[in-house]
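Beneath this line is the structure, given in structure tokens, with notes to follow.
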Amino acid sequence: MKKIVTILFLLPIMFLGSYGYAEKINKALVDEQTLKNNPSIAVAKLELDNAKQAYYGSFDSFFPEATFSVASSQGISKEQPYGKKYSYGLKTSLSLFSGFQTYNGVKEQAAKVKVAQARYDRAVSDAMCTARLGYVDLMWAYETVGLSVQIRERRIKNKDLIKLKYNSGKADIGSLRIGEADVAMADYSLRKAQRHIETASASLLKAIGRNDDAVILETDEKIFLEQALPKPDYNSLITTIPEFLVAKYGQDVHKAHNAMIKGQWLPSISIFGNMGRISDKWSPDSEDWNAGIKASYPIFSGGRRYSDVKIASNGLKIASEKLKDEISGLKAKAAQHYNELIDAQEAIETKTYCLGALKLQAEISSKKYVNGLSTYSDWYAIEGNYISSQNELLDVKKDAARLRVKWDKFLGKGFANDKDRGK
């Protein structure tokens, strides 16, 4: 990449003038600002916190309940035509056995926390990878500007060469006009590439959750030199993907819920205790207390318990089928994403080799054309192939970089740097 000063020199003055300031950024800053500013991550984190609060609240049934009451009443009865009564008391109860509903309720909420965690990881990964795609596009825009400058310089050099031959009577006016047209097209391509920096900057700022006006400057970071990945074991690979975890822990939610619903068929046992005072004075002095153990079993509930068990059982079966479908789907997607990435990386190697060969051919052809040993048509065709090959190589590098980001997105990566993950 060229240095920032060079790129700024190439950018139109009015383009930079429409922005408040220019800012330099790199991949680490993109990740950091996305985690900090992206709205979808903030929403997912709040939903994860709600799931944790519900889990903490599910422990309440393991503790006793206590209620303190104070009352004042007045009225008429047979024993007393009119009178007032005052009372205060404390009531307590503790569940000893509830058909394991309390225990399974906690298990259900714990599984829901894991589901929420996996969904949070997916939200973070999606947001981070969207931002990284924006970063790739921005770096590609600067790479395109640099290449456009080189192509423009080559087109000018070629036009000057044709002009010399035209002035000496060795080239026709049509060849000169084509050379001039190539320079005009190179100028347009450069301006277009410069304008795309504005578009890419705005997209990247949106992706990281910012709404300020800034142009993102080029960095010296290289993003197109990705090493080839070894072929993974798809069966083990998918076990860490958020969609797999959501389906897996979703099945655990239904297992716990199913067990909790079946607990309705078992009796419930609890102990209780009440104590208080009551009299017609403001400071009651008549003491009253009782304590005991209570067991209950619902004999008939109109068929509701049976329906609840059936619904819960069906829910568990549905979750199990969804997990099977998710596994097969993720394995197919893993193969597709991986092979597309390898195709793109091999395309870089092939295009790089072809570009080297075309560069050598272009150098030889230019010398022949200067010395009158090659026709204009042959020389011009080779020049066109060489320039097109330069653009093609840059495009396949961009494709490979984007596919690598999408591979990481598929895996659910992007949250490794989140220090608050799971807290």
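Within a straight-line Cα-Cα reach of under 19 Å, residue 24 can be paired with the following aspartates and glutamates, leaving aside sequence neighbours fewer than 8 residues apart in one chain: 32, 137, 143, 198, 212, 213, 218, 220, 221. If the chain linking residue 363 and residue 47 were pulled fully straight, counting 0.36 nm for each residue of separation and taking away their Cα-Cα distance, it would gain 107.6 nm. The dipole here belongs to region 107-246: it is taken about the Cα centre, uses +1 on the Cβ of Lys and Arg and -1 on the Cβ of Asp and Glu, and is about 360 debye. Can you pull a Stokes-Einstein diffusion coefficient for region 111-245 at 4 °C (1.567 mPa s), Rh from Kirkwood over Cα pairs, as a whole number of µm²/s? Using the Kirkwood radius from Cα pairs, D works out to 68 µm²/s. An ellipsoid equivalent to region 303-365, defined through the eigenvalues of its Cα gyration tensor, has semi-axes of 60, 7, 4 Å when rounded to whole angstrom and sorted largest first.
Just so you know, the Cα atoms of region 134-206 work out to an Rg and Dmax of 16.5, 57 Å. For the cross-link pairs 333/359; 52/248; 231/255; 322/409; 231/406, the ones whose C-alpha atoms lie over 28 Å apart are 333/359; 231/255.
Bear in mind that the values in this text are calculations on the coordinates, not laboratory data. This is a predicted model, so every value here is computed, not measured. Note that each Cβ is placed from the backbone with ideal geometry, even for glycine, and that neighbours are counted across all protein chains shown.
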